[in-house]
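Heads up: the structure comes next, in structure tokens.
The values are calculated or read from the model by the stated rules, or taken from the named source; none is laboratory data. It should be emphasised that the depicted structure is a prediction, and the values quoted were computed from it without experimental measurement. All Cβ positions, glycine included, derive from the backbone under ideal geometry; neighbour counts span all protein chains shown. To get the accessible areas, we keep the full protein, side chains included, count just its heavy atoms, and leave off ligands, DNA and RNA. Shrake-Rupley method; radii C 1.70, N 1.55, O 1.52, S 1.80 Å.
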Amino acid sequence: MARAWAVGGAAAFLALLLYESALAWVTTNGPDVLPALFLLLSYVVIGAATGHAAVSLTGRAQRAWPAVLVVAVTAAALIGWGHDATLLHPALPAIPAALGGGVCTAVGGWLGLVLPNDYLSAAPRSVLAQLTTVELRPRRKKHAEQASTKKRKPPTTGPVDGPEILEIG
């Protein structure tokens with residue numbers, strides 16, 4: 001789970017950078033809806049990437065949830081109570097804005113946890129050794145003997161029923 005916490009911390013840092021970028025946009029170009037919507041969409045993507053990376057590094061979604069938790073709480077805190085957060089949501093109080101940011105990030109994180117992940121090989125071997133796998137075993141001798149003693153039908157040597165092929169020319 002330490003890997004999941006580390007992934008969550010790295011994603012929280014990215015969330016902070018995106019928050020600062022959105023604030024810089026708003027202070028430079030004036031209040032607009034676009035930076036806040038871009039920020040929420042970015043938090044969905046950060047949540048999905050965090051969940052996906054955490055599953056890759058931990059081997060299971062059950063072990064990866066702390067990463068999504070960290071980034072969702074960080075996103076909610078930044079949007080609701082970050083410095084100059086009211087510039088991003090002038091018409092909303094802090095609590096609904098924080099809930100919106102946290103939910104967007106959590107939904108993205110949930111998608112990252114549940115979507116198929118082909119990169120589980122990034123997990124350390126100790127983690128991969130704990131995963132349950134399916135073993136393919138050769139058939140038992142008993143089954144092979146039974147299969148060989150069954151009566152087989154002789155091959156057909158007669159004409160095969162079906163449409164006739166006409167030669168033209």
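Here the stretch 1-115 is treated as a Stokes sphere of Kirkwood radius computed over C-alpha pairs; at 25 °C and 0.890 mPa s its diffusion coefficient rounds to 179 µm²/s.
Between ALA91 and PHE13, the simple label model (points 7 Å from Cα in the Cβ direction) yields a spacing of 3.7 nm.
Among ILE95, ILE79, what's the order by accessible area (1.4 angstrom probe), most exposed first? Display every interim value, and only then the final one.
Values: ILE95 105, ILE79 10 Å².
Result, largest first: ILE95, ILE79.
For the stretch 1-115, the share of accessible area belonging to carbon and sulfur comes to 79 percent (1.4 Å probe, ligands and nucleic acids excluded).
Note on HIS89: accessible area approximately 20 square angstrom, rounded to 10, probe 1.4 Å, nucleic acids and ligands left out.
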